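Below is one structure, written out as C-alpha cells; the observations come after it.
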Amino acid sequence: MLKTYIARITQNICVTHVRRALVRQAQPLSDSLPDPAPAPDEAAAHAMRRARLVEAVRSLPENLKAVASLYLEDMPVKDIAIALGISESNASVRLHRAKSAIRLSFGDPS
C-alpha cells in the first residue's frame, strides 16, 4: 500500500538523520589533556606497597605461599584446591591464614 510505503521511507529518513546527527556531535579540543599516568609520588607509593606485598608473600611458609600466590593470580579457591591437590575448605583455610599473616606484616592486626 502507498501509505505503508511512504511511512517506511519517512522512518528511514528520520533514522538516517538521527544517526548523522550523532556522528556529527563534535567535542572541542582542549589545550591541556589529562595525563593518564599516576603522579610520581602515587606511582612510588604503589611500587613500595607492591614490593612489601611480594616480600610478605615470600616470607610465608611454603603451604601458605602457594595458595596466596595462586590467589593473587586471580585463580578461584576451587581451582587452587584442585591445583594443589587439597580440599576446597583446606584451601580456604590456608588462604585465610595467608591473608592474616600478610596483614600482620603490613602492621594491620585485624
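Key figures
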{"read-out": "Test: residue in the range 12-33 that is open to solvent by less than 100 Å² (accessible area, probe 1.4 Å), of a type outside the set (Ser, Thr, Tyr) and either at pLDDT 90 or above or in contact with a strand residue (DSSP E or B) (Cβ under 7 Å, 6 or more places away or on another chain) (or both)", "value": "no"}
{"read-out": "When residues of the range 68-94 are limited to those that are under 17 Å from Leu53 (Cβ atoms) and of a type in the set (A, V, I, L, M), the one most open to solvent (accessible area, probe 1.4 Å)", "value": "Leu72"}
{"read-out": "Pairs where the first residue, in the range 95-107, is farther than 12 Å from Arg52 by Cβ and part of a helix (DSSP H, G or I) and the second is at pLDDT 90 or above and open to solvent by 60 Å² or more (accessible area, probe 1.4 Å), C-beta under 8 Å, 6+ apart", "value": "Leu95/Tyr71; Ala98/Tyr71"}
{"read-out": "In the range 68-94, the residues that are assigned to a helix (DSSP H, G or I) and closer than 26 Å to Ala45 by Cα", "value": "Ala68, Ser69, Leu70, Tyr71, Leu72"}
{"read-out": "Which listed residue is more than 22 Å from the chain's Cα centre (by Cα), touching a residue at least 24 places away in the same chain (Cβ under 8 Å), buried (at least 18 other Cβ atoms within 10 Å of the Cβ) and assigned to a helix (DSSP H, G or I), from Leu64, Leu60", "value": "Leu64"}
{"read-out": "Met48 open to solvent by 100 Å² or more (accessible area, probe 1.4 Å) and free of Cβ contacts under 8 Å to residues at least 40 places away in the same chain", "value": "yes"}
{"read-out": "Residue in the range 34-45 that is open to solvent by less than 70 Å² (accessible area, probe 1.4 Å) and at pLDDT 90 or above present", "value": "yes"}
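The values are calculated or read from the model by the stated rules, or taken from the named source; none is laboratory data. Quick caveat: nothing in here was measured; it's all calculated off a predicted structure. As a convention, Cβ positions derive from the backbone with ideal geometry for all residues, glycine included, and neighbour counts pool all protein chains shown. Surface areas here come from the heavy atoms of the whole protein model, side chains and all, with no ligands, DNA or RNA. Shrake-Rupley method; radii C 1.70, N 1.55, O 1.52, S 1.80 Å.
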